[in-house]
């Protein structure tokens, strides 16, 4: 079924043919000019089957994606594990306390004690059960500061894990942003191809009409048909690209890839005031990967100090008490002969441990050297990344301005080519070339908008300041 505007165009073109065939005094050239003006002014049919679909904004996509991203879930688990490790490190400064309760029964009675008869003779008392209890407390007073530096190392490790978590969040936000921008890009490019197809069909109808009237060659009709066929093929490719972009965005958000919704086409390019100098400074202070490497480097330094503690003496304090009673259990005097106390200090020094401590120190130093290299190497890599991202942003901003001027020029050229063709002053090739230039300019403007959004997101990802 034809759109009302398309019906109007077709009726008008038929009237043109009738007027010309009837030998009207109205010059053919004026009628063709009116036909082209009508084609240009009447709005074309726009397919917008998405109006009934729910709207999903960029912010909603990011919120859903952060809740469903598996890398973020794994980072959260790593953060939970390092917190448990810190509890263990804090516990190393506290005493260890153990207690025990015992009960024994023997089928053969044993002598529990001797009692004296009135005449002074000892008589053994036989029992077949006994009870015991004990309490032991042990506190390390000094171990070469190994526990202290281990705690400091794991605090830095926790900071490294936290920065890794932030990095995973930033990566997820960046991927979702670029995926959303790609959907907008492919959607707008499909709309450009749809409009180009409408122009090609109108041009084909007009060319066929002119051919029937004898004012156009068969080659013009064939060229118009080829142009219309290529426009249909380009539209299919553009719509397929849009579907793939939507499926990719659904995957990034963590929803069914077949789920359909509308995206917010009002997303615009944000204004930025970045300079290369402040971008480098912000990146050094905020980039989560660099901050994670710095925390790992600090942790390695403390691990070396903790390993050196193995060469120093250990001092421990211990206290223990026990109680033993044979026969029926009774709460006796705590100072009775069955109650025992013991406390003392133990100083120990590692004289030879088969080079185990030496190996631990060497391993810690090797990790420290590796972390130093990784940190300083990433500093240079980050500076390069920020510089490239900033230069890409500058180029994208300029390309955006040029694309706008290019589109305005192409629109004027296309209008001029239409007028010349209607007057017979231009060939069908001139008109088709102008149409291709217009379509290219429209696509370039959309691509430049996408590239600018992508450049901003890439720079902010490197800076560690991407919005979410």
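Things to note:
- Exposure proxy order (Cβ contacts within 10 Å, fewest to most) of 56, 315, 459: 315, 56, 459
- Counting all C-alpha pairs of the stretch 312-468, share separated by more than 29 Å (%): 66
- Annotation: Cα Rg of the stretch 220-372 relative to the compact-globule expectation 2.2 N^0.38 Å equals 2.49.
- Neighbour-count order for 149, 311, fewest beta carbons within 10 angstrom listed first: 311, 149
- When the P(r) of the stretch 159-215 is calculated, the portion above 17 Å amounts to 65% of the C-alpha pairs.
- Cβ crowding within 10 Å averaged over residues, with 342-349, 80-87, 432-439 ranked highest first: 432-439, 80-87, 342-349
Values in this text are rule-based calculations from the coordinates and carry no lab data. Remember, it's a predicted structure, so these values are computed and weren't measured experimentally. Counting neighbours? That spans all protein chains shown, and the Cβs are built from the backbone with ideal geometry, glycine included.
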